[in-house]
Amino acid sequence: MRDNRTGTEVEIPISDGTIRATDLRGLGLMSYDPAFLNTASTRSGITYIDGDAGILRYRGYPIEQLAEHASFLETAWLLFEGELPTHEQLEAWEEEVRVHTYVHMNVTQFLDGFRHDAHPMGMLLGAVAALSTFYPDAKEIGDVESRRLQRVRLIAKFPTIAAWVFRHSRGLPYVFPRNDLDYIGNFVNMTFEIGGRHEPNPVLQRALEILLVLHADHEQNASTNAVRGVGSTQVDPFSAVSAGIAALYGPLHGGANEAVLRMLDEIGDAKNVPAFIEGVKKHERLLMGFGHRVYKNYDPRAKLIKRVADDVFVQTGIDPKLEIALELERIALEDDYFVSRKLYPNVDFYSGIIYRAMGYPTDYFTVLFALGRLPGWLAQWEEMLSDPEQKIARPRQIYTGYDERDFVPLAQR
């Protein structure tokens, strides 16, 4: 590499299609990459994405196969351990999670401190962060067994807290875990049981499980980067995960499926889609649920979610919003304006419609996203702690402020 200011040349090795930013020091340079558009912050063996080809794999397994065949806890084990569990390992893992589903009763009092109309993500964020005060041993992050125990606790207790957040928002009494139910069934029961009764729908429960599997990890996204960045300070995992929840709370990340529903409400009817599309092309309207930072092809998760939608609406009836969504997708995919810009439906386009058909309100969608993403956050956190190259995250900056200047006494200002 040649410095065109001085003529100095240095040889910088290229490995895995990258150069190390620290190698630029030989020229007195830093790399400048706002929002990490072309920067790899870590080496990871968890999730592989080929955005041009529309490929997503967890630990080498195609997302299509995992969505069809794997349970959510099976997927979590895969992300944590790197391999699919044996029958005996899966049974032991499910039992270990089952016996940790209860949370301290003080958590109910903590949730009761929120207003009835508090946003579910705000409540989830506070409650998960508060768990760190119940488990002081979680600070022992140098202890491998302690880290494993905290992963179990989080996977087990997260659905309980998420369900209680739902019920608090509706003024309903909290329903405690039933350990005779499986992971998804237990969560759904804690969420929807009324008067000690809830009739489970296996089709809807499996659809929810597939959605959680599809969201389980997605490489170095904003919330995962937050978990890694905060986790690099060697804080406990409850606090690190709460950072991920906070990032997911943002409308540009986890709130995107809410924005899709608001867009569909704005369109109102399938006959209004052509006019809406023209408004998008004139930059007068925003098209939500299309395009992705990484995928420059059809998001593979969106294809799978569209199939899930068919199964769900057989059970619940067709949501009028689905007709609008289908027409919007059809016209957009036939229009060169969107195709040339590689704007294809992403995972958020259909997920919100499905969640609403299942009975979840719009402001709760991101809680479900967080429940699904939890295994990925924890796997990434564990990988970060085990990577000898990782240090406390501390980006550099290009200073654009004043040069040195003298202080002016108050009377002279």
Practice task
Could you please report the charge total around Asp182, scoring K, R as +1 and D, E as -1 over all other residues with beta-carbon less than 15 angstrom from its beta-carbon?
Solution key: -4
Problem - From phi via Karplus (6.51, -1.76, 1.60), per-residue ³J(HN,Hα) for region 365-372 in Hz, x at Gly/Pro - result: 4, 5, 5, 5, 4, 5, 4, x
Exercise for the section: Return the distance in nm (one decimal) between the two label points of a simple spin-label model at Asn106 and Lys342, each offset 7 Å from Cα along Cα→Cβ. Expected result: 5.0 nm
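Counting helices only, and only those DSSP H runs with n ≥ 4, report the 222 nm mean residue ellipticity of the chain as the sum of -39,500 (n - 2.57) divided by its residues, in deg cm²/dmol to the nearest 500. Before the final figure, lay out the partial values.
Details: 17 runs with 215 residues, N = 413.
Helices in the chain give a 222 nm mean residue ellipticity of -16500 deg cm²/dmol.
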Problem - Phi-based couplings in Hz for region 124-139 (Karplus 6.51, -1.76, 1.60; Gly and Pro marked x) - result: 4, 4, x, 5, 5, 4, 5, 4, 4, 7, 8, 10, x, 5, 5, 6
Handout entry: In sequence order, calculated HN-Hα J values of region 309-324 (Karplus, 6.51, -1.76, 1.60; Hz; x Gly/Pro)
Key = 4, 4, 5, 5, 6, 5, 7, 9, x, 6, 7, x, 5, 5, 4, 5
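Pick out, in residue order, every one of the trypsin sites (Lys or Arg not before Pro) in region 106-191 that is DSSP loop and has at most 15 other C-beta atoms within 10 Å; say none if there are none.
On the way: sites: Arg115, Lys139, Arg147, Arg148, Arg151, Arg153, Lys157, Arg167, Arg170, Arg178; in loops: Arg115, Arg170, Arg178.
Listed in order of number, the matching sites are Arg115, Arg170, Arg178.
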Practice task
Arrange the following residues from fewest to most other Cβ atoms within 10 Å of their Cβ: Tyr32, Tyr350, Tyr360.
Solution key: Tyr32, Tyr360, Tyr350
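Computed from the coordinates by the stated procedures, all read-outs in this text should not be read as laboratory data. No experiment lies behind these values; they were computed from the predicted model shown. Neighbour counts are summed over all protein chains in view; Cβ atoms, including those assigned to glycine, are modelled from backbone coordinates with ideal geometry.
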